[in-house]
Amino acid sequence: MGAKRLDAEVLQVIDEWCAQLPPVISRKKLDWFLGGIVSRKHIANLDSAGEGPADRILVGRETVYPTRSVLIWLAETRGLKRLKGIRSLEGMIPFADAPVPQQHP
C-alpha cells in the first residue's frame, strides 16, 4: 500500500488531534479514542503483516502506539481531509474531561 504525501493542512489536523488525545493509546482502546475508525483486531492483523502504525511499543503484554504515529499512519493509508466549514476542534471535550470508557468482561 503506497503512503500518501501529507500536506500542511493534514499535518495541522494531526497536530490538533494530538492536542486532544493522550500521548500514547493502547491497541485495546484505539477504536474508542478514534471513534471506531479502526478496530483493534484489524490493527493487530496489520501489525502482523508489517503494515500497522510505526513505533509501536510493547508494555508488558499490551501494545501501545504513540498517538502521532497512529494519526500519521491513518492519514497516509486512508487519507485525511478537513471538511469545509470546520475550522478547528475548538469546543470539543478536552481529553481530561472526557468520560472514561467502561471495561467489558
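Run the quick spin-label model on A49 and S26: label points 7 Å from Cα toward the beta carbon, then report their separation in nm to one decimal.
Once both label points are built, they end up 2.6 nm from each other.
Which of the aspartates and glutamates could a cross-linker bridge to K29, judged by Cα under 13 Å and excluding same-chain residues fewer than eight apart?
Reachable aspartates and glutamates: E62.
All of the numbers you see were taken from the coordinates with simple rules; none came from a lab. The shown structure was predicted, so the numbers you read here are calculated from the model rather than taken from an experiment. All Cβ positions, glycine included, derive from the backbone under ideal geometry; neighbour counts span all protein chains shown.
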